[in-house]
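The values are calculated or read from the model by the stated rules, or taken from the named source; none is laboratory data. Just so you know, these numbers come straight off a predicted model, no measurement behind them. For neighbour counting, all protein chains shown are included, and Cβ atoms are generated from backbone atoms with ideal geometry for every residue, glycine included. SASA here: full protein model, heavy atoms, side chains in, ligands and nucleic acids out. Shrake-Rupley method; radii C 1.70, N 1.55, O 1.52, S 1.80 Å.
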Amino acid sequence: MREQHASDTARRAREFEAFVAGAGGRLLHAATLLTAEDPDANPRARRLLTLSLAHTYACWDRLHGEDPYDRARQYLATRFAREIWHRYGVLDRARRRPAGPLGVLAPHERLILVLRLYEGVAEEQASALLGLPVDRIRTICDRATATLLHPPPAPTRPVAAKAKAATP
């Protein structure tokens, strides 16, 4: 009995290691896009990925033919949404803009954009995952895409402040 358990545990570990080797990089990139951190300095994204992989490993024996990547991505997205909710009180409000490539977007816009465009999740699936109507998902995705294509102008200093800074 112990030998069977040890064999099952070793098989499970090998399968999970193979999954992480194949999907870990893509999941980390998705987490980095969600947190809008610099790819070289992304502690929040790495934390999200670690939590997602730990959850997937805990559910590994219960997947029964389900795609582990989908499970990991779902947990990654819902965990990020939960953190947004707890940090800002609502899914739509953000205070600080990170400096990453998607930093001009609000967190909920990043979440939907990453799910829809980077991960290729259908509107209906994103709607079910986040508990939002399909029309809301579509609107947020369209608005986020427009913001990325036509970013808002960077805030400029007033002319008087520039002249004052230029004089010695």
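Pairs, please: C-beta under 7 Å, at least 6 apart or cross-chain, first residue among the polar types (S, T, N, Q) and in segment 11-37, second open to solvent by 50 Å² or more (accessible area, probe 1.4 Å) and not in a helix (DSSP H, G or I)?
These pairs meet every condition: T32/P39.
Please pick out the residue among L91, L102, L51 that is within 24 Å of Q125 (Cα to Cα), touching a helix residue (DSSP H, G or I) at 6+ places or on another chain (Cβ under 7 Å) and modelled with pLDDT of 95 or more.
L51
Give me the residue from segment 108-140 that is open to solvent by 20 Å² or more (accessible area, probe 1.4 Å) and hydrophobic (A, V, I, L, M, F, W, C) and, out of that set, farthest from A45 (Cα to Cα).
Only one residue tops the list, namely V134.
List every residue pair whose Cβ atoms lie under 8 Å apart, where the two residues are 6 or more positions apart in sequence or sit on different chains, the first residue falls within segment 125-152 and is without any contact (Cβ under 8 Å) to a residue 40 or more places away in the chain, and the second residue, located anywhere, is assigned to a loop (DSSP other than H, G, I, E, B) and open to solvent by 50 Å² or more (accessible area, probe 1.4 Å).
S127/P133
Could you list all residues from segment 1-32 that are under 30 Å from V104 (Cα atoms), open to solvent by 30 Å² or more (accessible area, probe 1.4 Å) and not small (G, A, S)?
Within segment 1-32, R26, L28, H29 qualify.
Go through (1) out of contact with any Asp or Glu (no Cβ under 8 Å at 6 or more places or on another chain); (2) without any contact (Cβ under 8 Å) to a residue 12 or more places away in the chain; (3) exposed (fewer than 14 other Cβ atoms within 10 Å of the Cβ) one by one and return the number of the condition R47 breaks.
Just one mismatch for R47, condition (3).
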